[in-house]
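Okay, structure first, notes after.
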Amino acid sequence: QKEVEQDPGPLSVPEGAIVSLNCTYSNSAFQYFMWYRQYSRKGPELLMYTYSSGNKEDGRFTAQVDKSSKYISLFIRDSQPSDSATYLCAPWEGGYNKLIFGAGTRLAVHP
Amino acid sequence: NAGVTQTPKFQVLKTGQSMTLQCAQDMNHNSMYWYRQDPGMGLRLIYYSASEGTTDKGEVPNGYNVSRLNKREFSLRLESAAPSQTSVYFCASSEAGGSEAFFGQGTRLTVV
């Protein structure tokens, strides 16, 4: 079983839609849960992260973690064409442990 | 303020040839990583270096070697390239393993 599972999509939604992106993981030691955004032909950039369980909101983006079910979510409200990118989840143990990624979900928001 | 710099940006190799991908960061980060990205498979960790003087295997290390030359530089070597190594390679660095990672612009490698 892979440590992180993420549906690669693609996901296509109309502008203004609410988008839900999800990952599951198997390693109970993960404490930090990061979301990276990658535009076409660019390197990934950190979008936001949460520590342990709970929600974190940043503008139109909300990250949610349920450690009991090992489930990570990213919600995008009022999606815009500029949100079209690949979103990768990256759970991490902390300290000097390796950083691994899910497969990434390719999102297209059309006007 | 360069961040993470990878060279080369593009490369075509013949099967069996060797090459080294170079990566340098100017943020004084301790940890550095090499990933490969293939369609539908996300970023897969090849090797990482948690701190200067240490290297560890990631998810897909076979066919690769790495050298942490100093705190700034982390190179990836393909000793005998195979078509299965055709991919986009990303180098990244972070302050302490797994905190915000900063990525280079990628190297597009084709092995024919």
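Data table
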{"item": "Single condition B:ASN28 does not satisfy, out of (1) on the phi > 0 side of the Ramachandran plot; (2) facing chain A (nearest Cβ under 8 Å); (3) open to solvent by 50 Å² or more (accessible area, probe 1.4 Å)", "result": "(2)"}
{"item": "Members of the range B:39-72 that are assigned to a strand (DSSP E or B), more than 10 Å from chain A (Cβ to nearest Cβ) and surrounded by fewer than 16 Cβ atoms within 10 Å (Cβ to Cβ)", "result": "B:ASN65, B:SER67"}
{"item": "Members of the range A:78-111 found to be over 25 Å from B:LEU45 (Cα atoms) and touching a Pro at 6+ places or on another chain (Cβ under 7 Å), listed by number", "result": "A:PRO81, A:ALA108, A:VAL109, A:HIS110, A:PRO111"}
{"item": "Residue among A:LEU21, A:LEU46, A:LEU88, A:LEU107 that is in a strand (DSSP E or B), surrounded by fewer than 19 Cβ atoms within 10 Å (Cβ to Cβ) and hydrophobic (A, V, I, L, M, F, W, C)", "result": "A:LEU46"}
{"item": "Odd one out for A:LYS42 among (1) under 15 Å from the mean Cα position of the chain (by Cα); (2) within 11 Å of chain B (Cβ to nearest Cβ); (3) basic (Lys, Arg)", "result": "(1)"}
{"item": "Of all residues in the range B:76-95 being among the small types (Gly, Ala, Ser) and within 18 Å of A:PRO44 (Cα to Cα), the one that is nearest to the chain's Cα centre (by Cα)", "result": "B:ALA92"}
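The values are calculated or read from the model by the stated rules, or taken from the named source; none is laboratory data. Remember, predicted model here, so these are calculated numbers, not experimental data. No Cβ is skipped: glycine too gets one built from the backbone with ideal geometry, and neighbour counts run over all protein chains shown. Ligands, DNA and RNA are stripped out before the accessible areas are found, and what is left, the full protein with its side chains, is counted by its heavy atoms. Shrake-Rupley method; radii C 1.70, N 1.55, O 1.52, S 1.80 Å.
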